[in-house]
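J.: Dropping the structure in here first, questions after.
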Amino acid sequence: MRKFFLLFLKIKNNNAIALLFLILLFPLGAAAITAPSVTIFPDTVIQGEPMRVTVESVSSAVAVKKISFDGKAVPIFSYQGKPTAFIGIDLNKNPTDYKVVVTLTDGTKFEKTILVGDREKIKVRFDIPEKLGGNTSVAAGKLLRMLGTENRSIYSVRTIPKQLWTNDFRFPILNPLVTDPYGYSRQTVGHSLPHKGTDFRAKEGTVVLAMNRGIIRLARTYRVYGKTLIIDHGLGLFTLYMHLSKINVNEGELVKQGQVVGLSGSTGYVLSSHLHVSVWLDKVSVDPVRFLELF
């Protein structure tokens, strides 16, 4: 680094007054200012998986005007001090190329092409428990009607338009072990029911923890989903906890990360005790384990 200084010394009335002026300071050889860029993690996804879009080298989320996927805007939040967005790939999304577009407030645009891969189609027989009528066509028809009603209920929950969490998301139980993965199809008396969640091993009464800070939007009992909780973490990000034996919180309550919100059980359409967890990104269900891998 070279520095150029001009020293002007003026002497008057036998008093020396030194005036030092910095005329020019050139930090030659210093690193250039890093230009904004966009990173996407992971770089490959399949149907039913989430992505994280991060805008690097901008001052704040305010500097990002819009982030969109397949022409639809997605919520922007701050993660590790950087403007970030989650994108959920629907389980039935057509496997092809899609564009992620990031627009800054100064008009600058970044475009990235993402290839959504095809998820392997796995089908497994799944019986209707006797408490729901057993494996009969009548019970199957009733099950589908109840699912439609319950889905309309849970999808009606609203979100708060701000980020409620700051820490990384965590598993909802200690020593998590997946017993039933996300995304396969359960073949039930001639009908195919996608498993839009992950089941964790949890004996009756295992404590269930809030995966992050948020507001309890739903806490009620359903015929198929059993005792169910939905936590709104803000900006369209929800976590769902199903088949509980007990609910420890109330709708509208603000809960902290790691707070006990309920106990695992076997209520609803289940064959044994476990904890079912779902994650929604703007009402798109994604693989909860893959979501946790984003942090």
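J.: Mean 1/r over all different Cα pairs, inverted: what Kirkwood radius does the chain give, in Å?
T.: Hydrodynamic radius (Kirkwood, Cα pairs) of the chain is 22.0 Å.
J.: OK, next. Can you spot the lysines whose alpha carbon is less than 21 Å from Lys246's alpha carbon? Ignore those fewer than 8 places along the same chain.
T.: Candidates past the 8-residue exclusion: Lys131, Lys203, Lys227, Lys256.
J.: So if I restrict to the alpha-carbon atoms in segment 123-292, what is the Rg, and what is Dmax, the biggest pairwise distance, in Å?
T.: Values for segment 123-292 (Cα only, Rg and Dmax): 15.3, 48 Å.
J.: Here's something else I'd like to know. Using the Kirkwood radius built from alpha carbon pairs, what does the Stokes-Einstein equation give as D for segment 50-132 at 4 °C and 1.567 mPa s, in µm² per second?
T.: Value of D from the Cα-based Kirkwood radius: 87 µm²/s.
J.: Springs between alpha-carbon pairs under 10 angstrom, Gaussian network model over the chain: which of Phe86, Phe171, Phe126 fluctuates most?
T.: Among Phe86, Phe171, Phe126, the largest GNM mean-square fluctuation belongs to Phe126.
J.: Based only on Cα atoms, what mean projected area does the convex hull of segment 194-245 have, in nm²?
T.: Approximately 4.2 nm², given one-decimal rounding.
J.: Based on the Kirkwood radius over alpha-carbon pairs, what is the Stokes-Einstein translational diffusion coefficient of segment 165-257 at 37 °C with 0.692 mPa s viscosity, in µm²/s?
T.: On the way: Rh = 14.4 Å.
The estimated diffusion coefficient comes to 228 µm²/s.
J.: Let me ask something else. Count the lysine pairs in segment 37-117 whose Cα atoms lie under 16 Å apart, taking only pairs 8 or more positions apart in sequence or on different chains.
T.: Taking the Cα cut-off of 16 Å, the pair count is 12.
J.: Okay, moving on. Name the shape class, rounded, prolate or oblate, that the alpha-carbon gyration tensor gives for segment 225-271, where a ≥ b ≥ c are the square roots of its eigenvalues, rounded holds for a/c under 1.5, and otherwise prolate holds if a/b is larger than b/c and oblate otherwise.
T.: Prolate is the answer for segment 225-271, as a/c is 1.5 or above and a/b outweighs b/c.
J.: Can I ask one more? Can you give the angle from 0 to 90° between the axis of helix 137-154 and the longest principal axis of the chain, with both taken from C-alpha atoms, to the nearest 10?
T.: 30 degrees
J.: Given the DSSP H assignment, sum -39500 (n - 2.57) over each helix run of at least 4 residues in the chain and divide by its residue total; what's the result at 222 nm in deg cm²/dmol, nearest 500? Could the numbers behind the result be given before it?
T.: Values: 2 runs with 23 residues, N = 295.
When only DSSP H runs of four or more count, the value is -2500 deg cm²/dmol.
J.: Let me ask another. Please identify the trypsin sites (Lys or Arg not before Pro) of segment 69-161 that satisfy two criteria: DSSP loop assignment and at most 14 other Cβ atoms within 10 Å. Which are they?
T.: Lys121, Arg158
The numbers here are math on the coordinates, done by the rules we state, and not lab data. Just so it is clear, the structure is predicted and the values come from calculations on it, not from any experiment. Glycine also receives a Cβ, built like all others from the backbone with ideal geometry; neighbour counts cover every protein chain displayed.
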